[in-house]
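The values are calculated or read from the model by the stated rules, or taken from the named source; none is laboratory data. Computed from a predicted structure; not experimentally measured. Neighbour counts are summed over all protein chains in view; Cβ atoms, including those assigned to glycine, are modelled from backbone coordinates with ideal geometry. SASA here: full protein model, heavy atoms, side chains in, ligands and nucleic acids out. Shrake-Rupley method; radii C 1.70, N 1.55, O 1.52, S 1.80 Å.
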Amino acid sequence: MIDIEKIRAIDVHTHAEVSCQQPHDDYRPELDEAFAKYFKSDKRPTMQETADFYRDQNMALVMFTIDSEHEVGKKRIPNIEVAECALKNDDVMLAFASIDPHKGRMGAREARELIENYGVKGFKFHPTVQGFYPNDRMAYHLYEVIAEYKLPMLFHSGHSGFGSGVKGGGGLRLEYSNPMHLDDVAIDFPDNPVIIAHPSWPWQDEALSVAMHKPNVYIDLSGWLPKYFPKQLVQYANTLLKKRMLFGIDFPLITPERWMNDFEEAGFREEVKPLILKENAIEMLGLKPNS
């Protein structure tokens, strides 16, 4: 169990990049190459290496993979592998699952099994690489199971490094990840935390509006260094949305040290920093102090 009194932060956005159970699927190597070029990194730590790294940092983390089998045609890292790693490292790690909504009722069955038998604590969606609008009723078979357990649903928003620079963007559509589509999701599932991942460029104002209007909506600050955050994001994090901003960095694409160094100089108020780094995530994830 995570000792929430002792850790200094909870990173709600880290990626499982390497499977120990299957080889890397380079079905579309042009996407991997463009992704590494875009983020200036091709480092791929194992899940256990990531857990160990965060333990050394005195931080907890949420980890997930991305199921893009329908739209990209790339074999996913098994959700069970991520969940088992979290169970083995439950002092620092929580697992979210990723299930392509196109899997319909089979995807809903998988979600229930992962929650019931593997302790998965939430779900990650990436509309651009999964090829769907978040408010498409096709996805609701899956959402409805998640809603039974009142678990968080985390959605990529804004621009995507996936496909950037590839001919035709690799066929991936940015518009799927406009955060305004999450307005319907927040209405239809008001008891679930809905997390808008990343500063949502070029739709930052839409993200802030949805979060302002829907009290179950959070924003995670991953994927960008804080020195590049839009000024209105910092303004709302300091004021009206200070209890619904979450620390996340997109590890391994960004490291905690780089993010934290920028965070100290990005204009966040001192009284707001503990909320962002840990306290808001504790509330959102329903974590409790060790007894």
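Just in the stretch 60-162: which trypsin sites (Lys or Arg not before Pro) are loop by DSSP and have at most 12 other Cβ atoms within 10 Å?
Of the trypsin sites (Lys or Arg not before Pro), the ones in loops of the stretch 60-162 whose Cβ has at most 12 other Cβ atoms within 10 Å are K150.
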Rounded D (µm²/s) - the chain, Kirkwood Rh over Cα pairs, Stokes-Einstein at 20 °C, 1.002 mPa s:
114
For labels at D56 and E148 in the simple 7 Å Cα→Cβ model, what's the distance in nm?
4.2
The relative contact order of the stretch 206-291, taking Cα pairs under 8 Å that sit 6 or more residues apart, comes to a percentage of 31
Tell me the chymotrypsin sites (Phe, Trp or Tyr not before Pro) within the stretch 79-159 that lie in a loop according to DSSP and have at most 10 other beta-carbon atoms within 10 Å.
none
Enumerate the residues in the stretch 180-216 having an amide nitrogen under 16 Å from the point lying 7 Å beyond the Cα of R173 toward its Cβ.
180-182
For the stretch 137-291, whose charge dipole is built from +1 on Lys and Arg Cβ atoms and -1 on Asp and Glu Cβ atoms, the candidate among M138, L225, N192 with its Cα farthest towards the positive end is L225
Estimated distance in nm for a label pair at M1 and H24, the labels positioned 7 Å out from Cα along Cα-to-Cβ:
3.9
Send over a whole-number figure in Å² for the accessible area per residue of the chain, probe 1.4 Å.
44
Apportionment of accessible area to carbon and sulfur, the chain, percent (1.4 Å):
50
Taking Cα pairs closer than 8 Å and at least 6 residues apart, the relative contact order of the chain in percent is 19
Compute from the Cα atoms of the stretch 137-279 the Rg and the Dmax, the latter being the longest Cα-Cα distance, and quote both in angstrom.
15.4, 46
Roughly how many nanometres apart are two label points built 7 Å out from the Cα toward the Cβ at Q232 and M212?
0.8
Of G168, L151, A207, which is farthest along the charge dipole of the stretch 103-221 in the positive direction, counting Lys and Arg as +1 and Asp and Glu as -1 at C-beta?
G168
